[in-house]
1. Here is a list: A:158, A:154, A:67, A:117. Which entry is within 16 Å of ligand 1 (Cβ to nearest atom) and among the polar types (S, T, N, Q)?
2. Consider residue A:385 against the criteria (1) on the phi < 0 side of the Ramachandran plot; (2) within 16 Å of ligand 3 (Cβ to nearest atom): it satisfies all of them except one. Which criterion is unmet?
3. At least 1 residues that are hydroxyl-bearing (Ser, Thr, Tyr) in each: list the helices (runs of 4 or more DSSP H) lying fully within region C:1-119 that qualify.
4. Among the residues of region A:195-217, are any within 15 Å of ligand 1 (Cβ to nearest atom), touching a residue at least 12 places away in the same chain (Cβ under 8 Å), hydrophobic (A, V, I, L, M, F, W, C) and within 14 Å of chain C (Cβ to nearest Cβ)?
5. Answer yes or no as to whether residue A:358 is facing chain B (nearest Cβ under 7 Å), away from ligand 3 (no atom under 16 Å from the Cβ) and out of contact with any Gly (no Cβ under 6 Å at 6 or more places or on another chain).
6. So, in region A:166-194, exactly how many residues are within 9 Å of chain C (Cβ to nearest Cβ) and not aliphatic (A, V, I, L, M)?
7. If a residue has to be without any contact (Cβ under 8 Å) to a residue 24 or more places away in the chain, aliphatic (A, V, I, L, M) and more than 13 Å from chain A (Cβ to nearest Cβ) to count, how many in region C:9-24 make the cut?
8. Can you work out which of the residues in region C:76-93 that are touching a Gly at 6+ places or on another chain (Cβ under 7 Å) and within 8 Å of chain A (Cβ to nearest Cβ) is nearest to residue A:357 (Cα to Cα)?
Amino acid sequence: MNVKICTETFESNKPASLATYLKYGGYEAWKKIITEKTPKSSIVEKIKNSGLRGKGGAGFLTGLKWSFIPLENKQKYLVCNSDESEPGTCKDRDILRYNPHSIIEGMLIASYAIGASVAYNYLRGEFIDEQKRVFDEALKIAYQENLVGKDILSSSVSIDIYSLIGAGAYIVGEETAMLESIEGKRGMPRIKPPFPAIKGLFGKPTIINNTETLASVPKIMRNEPDWYKNIGIGDSEGIKMFCTSGHLEKPGNYEIPLGTPFRDLLELSGGVLNKGELKAVIPGGSSVPVVKGETMLQLNMDYESISSAGSMLGSGGVIVMDHTTCMVSVLQRISRFYYAESCGQCTPCREGTGWLYKMLTNILEGKGTISDLDTLNRIASQIEGHCICALGDAAAMPVRSFLKNFWHEFEYYVDKKQSMVS
Amino acid sequence: MKIYINNIEYDANPDETIIQVADRNNIKIPRFCYHKHLSVVASCRMCLVEIEGVKFAQPACSTPIKEDMRISTKSSKTKEAQKSTMEFLLINHPLDCPICDQAGECELQDVSLKHGDDHSKYLEFKRVVVDKDISPLISTEMTRCIHCSRCVRFGEEVAGNKELGLINRGEFTEIRAFIEDGVSSELSGNMIDLCPVGALNNKLYSYKARTWDLKQHPIISPHDCIGSNIFYHVYNNEIVRAIPKENSDINQTWLSDRDRFGYQGIYSKDRCYVSKHRKNKTLERVDSQDIIKKVNNAINSSLDKNTSSKIGSFISAQSTSEEMFLFQNLLRKLGIKNIDHRTNERDFDYQDTYPLMPSLGCNINDLSEYDNIILIGVNIKTEYPILTVRLNESVKQDTKIYSYHYFNMDEDFPVEKKFVMNNTDLLSLFQEHTLESCRNKKNLLVIGPNITYFSNQSVFLQALDKFAKNINSQIGYLTDFCNSTSGWILGNVPHRTIGGVKLDNPGLNATEMLENDLSTLIFYNLDPENDFHNSSALINSLQKSECNIFFTSYLTPIIEKYADYIVPISTYAESDGSFINIEGRFQSFNKVITPNSNVIDGWRALNELNILNNHQAYTIESIRSELSSTLSKIDFTSKILIDKKKYELDKSTKVHKNSLRHIYSTDQIVRRAKSLNETIQANNKSVYVSRDIFDDSENKKILKVVENNRVFKIDNFQIRDDLPSRTIVYSSSFNNKFTESKSTFVSLKK
Amino acid sequence: MTNKYTIPIAIKNEIDHVRAKFPSNENKPAIIESLLILQHHNDGFVTDSIMRSLAEYLSVSEIDVLEVATFYTMINTEPVGRNVISICNNVSCMLRGSDDILKHVEKKLCVKVGQSTTDKKFFLKDEIECLAACNGAPMMQINHKNYENLTLDEVDDILDKIK
Ligand SMILES: Cc1cc2nc3c(=O)[nH]c(=O)nc-3n(C[C@H](O)[C@H](O)[C@H](O)COP(=O)(O)O)c2cc1C
Ligand code: SF4
Ligand code: FES
């Protein structure tokens, strides 16, 4: 099946323009909702029935999340998470620059459905030049057309959308850290409960969704919920963007139905670079467990299949590694990231991520011992499950899976003080 | 709701967290970031406990309980989790316990003994943090910081003044102030207590003793009328530090810096350690055994020569209730009526209509029940720092706070509206002013001590009474000394005796005593230089009188110049004593340290005089029982009684001259506390002048003020745009002849 | 105390614009974007006096501003070179040779990561983590503009063209 949602406009001449978006049926769903005064609950119900799952990493059912918002009539907020910082992931930036109106329409529908009169799109700081500019331009036009703002198309519905800019912090992608950051503080994740749907931005009920999630909403609303549900497979309904990177001939963003075999995605990406041998794949952004190449070739790109191999679909960042890859170096690089990005509040994460990184660096410098490998495993397990947010887990899981799948390569490195592949 | 901890059933409230239930039942769970008066951040991960059916151990401090939850604080999963947190904490923590002041009371040390591993597997480099000076009161060793953020949350949530923050992130997170010496909160010392390790330390206590060698003594704060409960830690008969003694009705777990570091004043070089008597114009040393007899002879011979109305007596309201009781008891029995503790005041017209004693009119705990609290002429931040905590609590519970002052004051709690006007404008305002938001609400109007210094305080009090009636408000007072309440209720005023019983023939008040050429003057616990509204009038009286008797803990130049008898008496910590706080709470304490052997217990000196005159002898116990029977009969709600007299509003005033109570000059002891006087606030000693009366464009550098026909030249002054018109304000610690008289009305000479 | 920085009216307007996005009783939310704006007008970094003035302008405490300024890597509190280069060095880019690119640039500009060139023309930022362009690896950002699928020659070209 060759369905496109978020990437629909990508190949057009002027992908970000309103005209292009309208050509694809843009804003039809939104206009219908406000003219017909569609009940909020029926929108939530429709999204629920479509089986749309969050594309930000955790894969939580979007409609279900929306339904947690208290019904009473008070200030609520919607936040679109365009912080995209998970290594291996680069899909939201393309939606932002090639299909910004789908995000705006998605934000409008979601705000309407949860009763929010203000919505923020939080873009990572590094998007300040191209993505923010394009999105802001689209937003300006949407305001001019009165699709956003006060008394939208004389429907007496008012929703304001603002774009916000981060200033360099991966952790702000975590939803509660994002709320802290919007409130002008250090991006430190909050303890849950209370969940944002009850007590979020400025203490008010708030829904946070990923850019791709929200950009998917308009087209789902335009069609019947079953339309989306029928794409995909099992509990992995619908479609997802995958960002393929690493040792590939044609790395890129590919929007494919969930359940598509990995082989097909590999093929879309032009196959392994220089016809190399597939050694390993990180299927969902750098924080998910690594999967051996031969296992990966048996899997399909859906939540169940990937988790059956002990990993996760995550954000859809598929990092492909060929036979020339030194797994010790890759793990050290991944550890450096979580060490650099820990917000620093939880003891295990603050102290543990540095410890992991420094030990791995030691090993790379030929100063490691076999017992270090056990210590690595132990520290990772001490971090896991013991932190406020999932960054701790994200730092721990790669360590455990790399050691598990490529133990011999680590052993070789400490023993021979050099990489097995070089 | 029921939950199970270690298989034992406990009752719990649905909104509680695990740690709250455990703490209530004395079940120990280690913690660093959690503190019952601070918000929960659950970041240290020390309190991880196993919950049945949950995969990973969860933080007890943030996990809400559920019906039938089963928690184990001892299981191996719990122990493993806690041990691993400990291991993480120790990798970057220096192992310098032998040189750390916190050793012995370090929460990290305690916990690591119980929960840590005996050796660390961590062989990488430890983090080192470069220290910067943050305050003269707190020393830092930031490498020891474990990032629990208690100090940061304290500043933000409790003190209402965020000065420390977390900077950088991840492993490089540090606690820092914006600039060097950037911690100036009047409550800063609490961060020392809150710090679970030796990162924030008491600078005064640095290397003075090891914690396990200390003796702990409870005492009550002598620095303000709130009556905070303190523990003094004593080593070799020396107070080496103070920490809060928890009292949920008063200071909770906090102390103001003044209460924490003020004791330094006891060790001032001004201390008076010898009894002296003036003979042939020079002061001679007298045996401490003989001084009381000599003083007794002097008083009695004065009584023989003159009438008792020629003798005047002054006592500081920082004296203990026992001293105040004996002081007036002695003098009244000798027939002396000229007694006053209000040495800082100047207008006493109001005294007959004044309540029995000043009182807040409610309990400190009840402040948050008021919808509106209206502050009149008081700066809570510098005068009653500990109340800042309470007012922050109140504001969180929707109390609105208003402030009326002649100076634009910073507060560390949100103020709904500030009214800054000069005295005349304030007065006119109170005559007809109604605060709209106070209608049909529960209101408390709080009158601060600055009002009592006005030369027209009676007019003010009457206007305030009217204002209070207009807005339907209760009236409460805050006094300048810790024991002013005793001053009133124990008969240390000329017109009332003990219990506030009215006298038909009142004695002279403080001002009158100085104006009436008395022949004998008795001073108890007072600095002539600082504790009188008009020290030149005082010097004048001292010169004229035949005999000046000083009971004092400190020697000052004026005392040395004019005293005929000097009795070196104990300070509050060197004797048993009691203070009555502004709620009317009577709090007693016992002697903490033994003074120099020549120093005489204040109350014993007075008791001795009683005995020498064949009056009843007292013990501490018998005084206290007499006091409590007096107090039990008193109703502690304050009201200004309406005075039939109608005061005229004097609008002719050219310039208003007002003093500001200087936080670290408010009493004899704190004035001499060295470290407090090195803080940023202590430097705040300028004279402020409003722009309309002195425009610097005139290019003049000297201000000339005429007061009582004398011309004062002031060169150290600042022009402030935020002062109300025609106003000069100076700090009460400003050292210049000009400040001697606390009059309100002066004029300017161009 | 350092001399006072006065926020120019034009920047105040920009800050007010940021503030307007948030509820009127909230002062803090504007801190982050205001810092970016102020830094943009001050050769790419903020000083203590700039932070102090911002705190005053927004009625927040100074330490609130410092806390934020030091948390987010795009805000510099020390002087830096005019042109900011960030070279991603995370996994996806590493697999496509970003280490060589980084080494090449370090050598070419005679700086290490985190340093500025002596002529203050370039600042090689220590932000070497993922910049969300993984399928254009290896990549770098100069003044927030992306350059993707780089080769060493292209890097030379790009750097040489920058003023
Ligand atoms: C450390 C960490 C980083 C995250 N980064 C992102 C991110 O960059 N973008 C994103 O959409 N979600 C991110 N998330 C997930 C969000 O917390 C949140 O689940 C998501 O935005 C919800 O949107 P969704 O339900 O539409 O997926 C991150 C989570 C964690 C724990
Ligand atoms: S796990 Fe790490 S990043 Fe997440 S809240 Fe804790 S310290 Fe911050
Ligand atoms: S005390 Fe519970 S996490 Fe710190």
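What follows is calculated from the coordinates using simple rules that are stated; it is not laboratory data. All figures in this text were calculated on a predicted structure; none of them were measured in a lab. Cβ atoms come from the backbone with ideal geometry, glycine included; neighbour counts cover every protein chain shown.
1. Values: A:158 fails: within 16 Å of ligand 1 (Cβ to nearest atom); A:154 fails: within 16 Å of ligand 1 (Cβ to nearest atom); A:117 fails: within 16 Å of ligand 1 (Cβ to nearest atom).
Just a single option satisfies the conditions, and that option is A:67.
2. Here residue A:385 meets the rest and fails (1).
3. Working: elements: C:9-19, C:31-40, C:48-58, C:62-71, C:91-95, C:98-109.
Passing ranges, in order: C:31-40, C:48-58, C:62-71, C:91-95, C:98-109.
4. yes
5. Values: facing chain B (nearest Cβ under 7 Å): yes; away from ligand 3 (no atom under 16 Å from the Cβ): yes; out of contact with any Gly (no Cβ under 6 Å at 6 or more places or on another chain): yes.
The answer is yes for residue A:358.
6. 9
7. To start, the set of residues in region C:9-24 that are without any contact (Cβ under 8 Å) to a residue 24 or more places away in the chain comprises C:9-10, C:13-14, C:16-18, C:20-24.
Of the ones still in play, those that are also aliphatic (A, V, I, L, M) are C:9-10, C:18, C:20.
Now narrow it down to the ones that are more than 13 Å from chain A (Cβ to nearest Cβ): C:9-10.
Looking only at that region, the number is 2.
8. Checked region C:76-93; the qualifying residue nearest to residue A:357 (Cα to Cα) is C:91.
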